[in-house]
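Down below is the structure, laid out as structure tokens.
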Amino acid sequence: MSQTLLAQAPSLTDFGHDPWWLILGKIVFAFVVALLGTLLGVWFERRVVGFMQVRPGPNQLGPFGLLQTLADGLKMAFKEDILPKSADKVIYFFAPAISVICAVTALSVIPFGPMVSIFGHQTPLQVTDVPVAVLVVLALSSMAVYGIVLAGWASGSTYPLLGGLRSSAQLISYEVALGLSIVAVFMLSGTMSTSEIVAAQGNGTTLSLFGLDIPTPGWYAVLLFPSFVVFFIAIVGETNRPPFDLPEAESELVAGFMTEYSSLKFALIMLSEYVAMVTMSAFTVTLFLGGWYAPWPISAWSGANSGWWPLLWFFGKVILLVFVFVWLRGTLPRLRYDQLMRLGWKVLIPISLVWIVVLAGLRTIGDWDTTSRLYAIGIPAGLVLLAAVFWPSRKPQPQPTLAEQVENRPQGSFPLPPMDLQVPPSPRTRRMVAEREPANVPAGQDSEEV
């Protein structure tokens with residue numbers, strides 16, 4: 001088989017021709033990726049956070065502690081399964097499965113590699129693809145929140161219910177920003193198919209600016225950097241990972257929506273969280289980081305994007321993004337709920353809307369002559385610069401002095417300690433000192449004997 005054919009990027013016409021056993025093998029492969037991603041993800045997170053906190057992390061079971069996660073899973077399987085008395089038994093049972101199924105199913109439209117030969121059959125390294133594959137992933141990520149909301153509601157307890165409500169509000173806030181950030185990818189690639197979006201990033205592009213042709217990389221993380229930043233922040237909020245893990249904030253809600261779960265049901269909830277993290281990392285690689293194409297300088301090798309090598313580049317990028325997830329957990333404190341909602345509604349969504357308008361304008365003036373493009377870019381840029389220079393600034397309110405703060409304290413306030421940190425002597429101490437007999441009694445003057 002020729003090297004050119006093996007390096008071919010799949011398109012929509014390449015799907016739907018595989019025999020049943022090959023489709024089944026692809027499905028099993030995607031499921032194994034999700035399962036191993038969870039097992040290794042938990043171990044990877046504990047090791048990396050341990051390194052950041054200058055402690056060893058799991059290192060007893062197996063080489064480098066690799067069997068620790070497997071031991072934890074077996075421990076959960078043999079724990080007693082406790083069912084709360086006030087729980088809705090049916091929904092309580094199925095809620096964890098909803099999140100897991102949605103997270104695993106999303107991997108079916110993620111391209112892992114190019115066209116390869118498997119037992120003589122030319123097939124893409126992808127379970128399936130549809131013209132709206134990106135919308136399929138968005139729909140499944142939106143459906144996953146039902147597992148969290150129903151788990152909180154069906155537990156029949158206060159803290160799980162509050163965690164489920166928080167999760168639904170958080171999803172609405174960040175799902176809008178997530179969808180808007182992908183619009184820019186659709187505008188550049190001209191498709192919603194995941195395999196064709198990866199193919200569109202395969203070759204570098206040329207940017208025409210003021211009559212000059214400037215070669216640029218094909219990755220949308222570079223070409224659409226604002227969209228990439230907004231998208232990544234949104235998926236961190238979408239997967240309830242720190243610093244956006246408000247639905248399971250242990251300092252406020254014990255364990256949030258999973259408080260009443262135990263045994264294998266608790267393991268399924270943990271599985272869904274880590275599968276969602278791996279799935280969203282793979283989705284980010286597909287949309288913004290070139291998918292299975294080799295990064296520079298590896299791409300200079302002619303065979304880098306052929307055969308089975310692209311699997312290595314794809315999973316290398318996924319592991320790098322999972323490391324960023326873990327890095328955020330070990331670095332940033334949890335946001336307050338008002339900060340979480342403000343970031344989603346007042347920062348991410350406006351930035352996405354403005355960036356879409358700017359990108360649409362740049363694509364519209366792409367066919368204009370140089371003078372027209374100068375006017376189209378220079379005039380709005382000048383207006384924005386003038387607005388930034390002459391925008392009235394809010395004067396800071398003068399801070400009251402310490403004496404004024406003491407003077408304005410309301411009646412009935414608690415006693416105020418001394419501002420100079422000098423504690424005055426107790427009046428009782430002064431009285432006791434005054435009544436004490438002098439120590440310098442003259443010699444020979446003994447007290448009278450009674």
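Within the option set Ala276, Ala304, being of a type outside the set (Phe, Trp, Tyr) and either open to solvent by 70 Å² or more (accessible area, probe 1.4 Å) or farther than 23 Å from Ser117 by Cβ (or both) holds for one residue only, Ala276. Residues of region 243-268 that are closer than 23 Å to Val324 by Cβ and modelled with pLDDT of 80 or more: Pro243, Phe244.
Looking only at residues in region 80-100 that are surrounded by fewer than 22 Cβ atoms within 10 Å (Cβ to Cβ) and small (Gly, Ala, Ser), the one that is farthest from the chain's Cα centre (by Cα) is Ser86.
Please go through region 316-340 and pick out each residue that is closer than 30 Å to Thr123 by Cβ and buried (at least 18 other Cβ atoms within 10 Å of the Cβ). Scanning region 316-340 gives Lys317, Val318, Leu321, Val322.
Does Gly361 satisfy the criteria of being assigned to a helix (DSSP H, G or I) and either β-branched (Val, Ile, Thr) or within 21 Å of Val183 (Cα to Cα) (or both)? Here the answer is yes, as Gly361 does meet what is asked. When Met115, Met52 are screened for being touching a residue at least 12 places away in the same chain (Cβ under 8 Å), open to solvent by less than 20 Å² (accessible area, probe 1.4 Å) and not β-branched (Val, Ile, Thr), only Met115 passes. Based on what the data block shows, is Leu61 touching a Leu at 6+ places or on another chain (Cβ under 8 Å), open to solvent by 60 Å² or more (accessible area, probe 1.4 Å), among the hydrophobic types (A, V, I, L, M, F, W, C) and not in a helix (DSSP H, G or I)? The answer is yes for Leu61.
Taken over region 396-406, the criterion of being modelled with pLDDT under 80 and part of a helix (DSSP H, G or I) is satisfied by Leu402, Ala403, Val406. Regarding Phe266, is this residue surrounded by fewer than 22 Cβ atoms within 10 Å (Cβ to Cβ), in contact (Cβ under 8 Å) with a residue 12 or more places away in the chain and of a type in the set (A, V, I, L, M, F, W, C)? So Phe266 fits the description; yes. For region 64-75, the set of residues classified as open to solvent by 30 Å² or more (accessible area, probe 1.4 Å) and either under 24 Å from Phe266 (Cα atoms) or charged (D, E, K, R) (or both) consists of Leu66, Leu67, Gln68, Leu70, Ala71, Asp72, Gly73, Leu74, Lys75, listed by residue number. For Ala103, are the conditions met, namely being of a type outside the set (Asp, Glu), surrounded by 16 or more Cβ atoms within 10 Å (Cβ to Cβ), touching a residue at least 60 places away in the same chain (Cβ under 8 Å) and under 16 Å from Phe257 (Cα atoms)? It is false that Ala103 is of a type outside the set (Asp, Glu), surrounded by 16 or more Cβ atoms within 10 Å (Cβ to Cβ), touching a residue at least 60 places away in the same chain (Cβ under 8 Å) and under 16 Å from Phe257 (Cα atoms). Count of region 364-382 residues, restricted to those that are open to solvent by 80 Å² or more (accessible area, probe 1.4 Å) and modelled with pLDDT of 75 or more, is 1.
Assessment of region 282-292 against the conditions (hydroxyl-bearing (Ser, Thr, Tyr), assigned to a helix (DSSP H, G or I) and touching a residue at least 24 places away in the same chain (Cβ under 8 Å)) yields at least one matching residue.
The values are calculated or read from the model by the stated rules, or taken from the named source; none is laboratory data. Here the structure is a predicted model, which is why all the values come from computation and not from measurement. FYI the Cβ positions are ideal-geometry reconstructions off the backbone, even for glycines, and counts take in every protein chain you see. Calculation scope for accessible area: heavy atoms of the full protein, side chains included, ligands and nucleic acids excluded. Shrake-Rupley method; radii C 1.70, N 1.55, O 1.52, S 1.80 Å.
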